[in-house]
Amino acid sequence: MFEFYEDLLRQNKLHEDAAQKLLVRQLDNLLSEIREYDEKKSGIMAKYMRRKAKSPQGLFLVGKVGRGKTMLMDMFFDNLEIKGKKRVHFHEFMEKVHNDIHQFRKYDASDPVAQVAHEMSRGLTVLCFDEFEVSDVTDAMILAKLFGKMIEEGVVLLFTSNKLPEEHYKDGLQRQSYLEFCKKLGDAVDIFNLDSEQDYRQIQGDGEHENFFIGLSYKASSRMNERFKMLGGQALKKVKLQIKGREIELMASGKLAQVSFKELCGKPLGTSDYLKIAKEFDAVFLYDVPKMSAEMRNEARRFINLIDILYENETLLVMTAEAEPDELYVSGTGNAEFKRTASRLTEMRGWGL
């Protein structure tokens, strides 16, 4: 992995970064440890061993937005040549966990979270978890138990996050139980703080395509319509999407959806809805994103969720907005998390189909 990283530097595809280099060396060593562990764990002699092979320490990678955490995790994952590996995004992962827990409860499972953890751990050596995030009591209790059980099952865990484990879920209900999980997690993973000063998304965002038009005006809307036609957009038709027995409507032309901020973030939509849209369409044209006040915390939370899911699914976003990304939500609950959203928007504004 380190040689691959060095090649990218020589080709000027990456920028020199001392913290990243240290991390790549650590990840390179971890690759070797995991390959050896996987052979012991799943090799022909594994069933004859009296004790289970001891799993290597995982990694909890912390850093501010745009520091290269996800890129380096992807590089690690691609260079890990074993079958028992999985890489997940937070929102899709939690959606699956909640669905699986619901299924186990149907059959009166005494401990559905433990059952889900056991099933997820089956045949799994490494789980790479991008954008670890805990903000509500249900997810906090589920994740604490789920990852605790997976660690016991010998799964090596790797996380990326903007904050240290104990900095999540501050002032939350039953926080002491969550902190006990953090202590257990600390025994299973090493913490690496990627303290680079450069936000590389700011560099990557200067692409050849323009997908972000400033101003809630006729001019901005006209420019976005030009982009719509450039990507093959024609006459719009009403489309109905079925999601868990519910139905949402929006306008679309083929694989291009066109919808307003009020329709997507002003209504009580959630992860399932945004995932369906991200997977159904290649591009979402989002009109009239306002500067959000502290009173619009619900709309801001939905917008953060929407952008995360579009980004994770590599769905093109074209939008008109009242201000630049870092000015859209400057005060209110969750405005610290919005820095990641602003950074992702800056990168996405240069994407193409």
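The values are calculated or read from the model by the stated rules, or taken from the named source; none is laboratory data. From a predicted model like this one, the values you see are computed outputs, not experimental measurements. Cβ sites come from the backbone with ideal geometry, for glycine too, and all protein chains shown count toward neighbours.
Overview of values
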{"quantity": "Filter result for the condition that a residue is within 25 Å of ARG223 (Cα to Cα) and at pLDDT 95 or above, over LEU236, LEU264", "calculated": "LEU264"}
{"quantity": "Any hit, the stretch 120-130, residues being in contact with a strand residue (DSSP E or B) (Cβ under 6 Å, 6 or more places away or on another chain) and among the acidic types (Asp, Glu)", "calculated": "yes"}
{"quantity": "Given (1) surrounded by 13 or more Cβ atoms within 10 Å (Cβ to Cβ); (2) at pLDDT 90 or above; (3) more than 21 Å from the chain's Cα centre (by Cα), index of the condition PHE2 fails", "calculated": "(2)"}
{"quantity": "Near pairs, Cβ below 9 angstrom, 6+ apart or cross-chain, from the stretch 323-344 (closer than 15 Å to LEU306 by Cβ) to any residue that is at pLDDT 90 or above and of a type in the set (Lys, Arg)", "calculated": "PRO325/ARG344; LEU328/LYS291; TYR329/LYS291; TYR329/ARG297; GLY334/ARG297; GLY334/ARG301; GLU337/ARG301"}
{"quantity": "Residue list for the stretch 234-259, filter: within 29 Å of the chain's Cα centre (by Cα) and outside any strand (DSSP E or B)", "calculated": "LYS244, GLY245, GLY254, LYS255"}
{"quantity": "Members of the stretch 48-100 found to be in a loop (DSSP other than H, G, I, E, B), within 14 Å of the chain's Cα centre (by Cα) and hydrophobic (A, V, I, L, M, F, W, C), listed by number", "calculated": "VAL65"}
{"quantity": "Filter result (closer than 29 Å to ALA336 by Cα and charged (D, E, K, R)) within the stretch 87-140", "calculated": "ARG87, GLU92, GLU95, LYS96, ASP130, GLU131, GLU133, ASP136, ASP139"}
{"quantity": "Which listed residue is under 18 Å from the mean Cα position of the chain (by Cα) and at pLDDT below 85, from ASP171, ASP195, ASP136", "calculated": "ASP136"}
{"quantity": "The lone exception for LEU269 - which of (1) of a type in the set (A, V, I, L, M); (2) at pLDDT 95 or above; (3) in contact with a strand residue (DSSP E or B) (Cβ under 9 Å, 6 or more places away or on another chain) it fails", "calculated": "(2)"}
{"quantity": "The stretch 208-249, subset under 25 Å from ALA323 (Cβ atoms) and of a type in the set (S, T, N, Q), residue surrounded by the most Cβ atoms within 10 Å (Cβ to Cβ)", "calculated": "ASN211"}
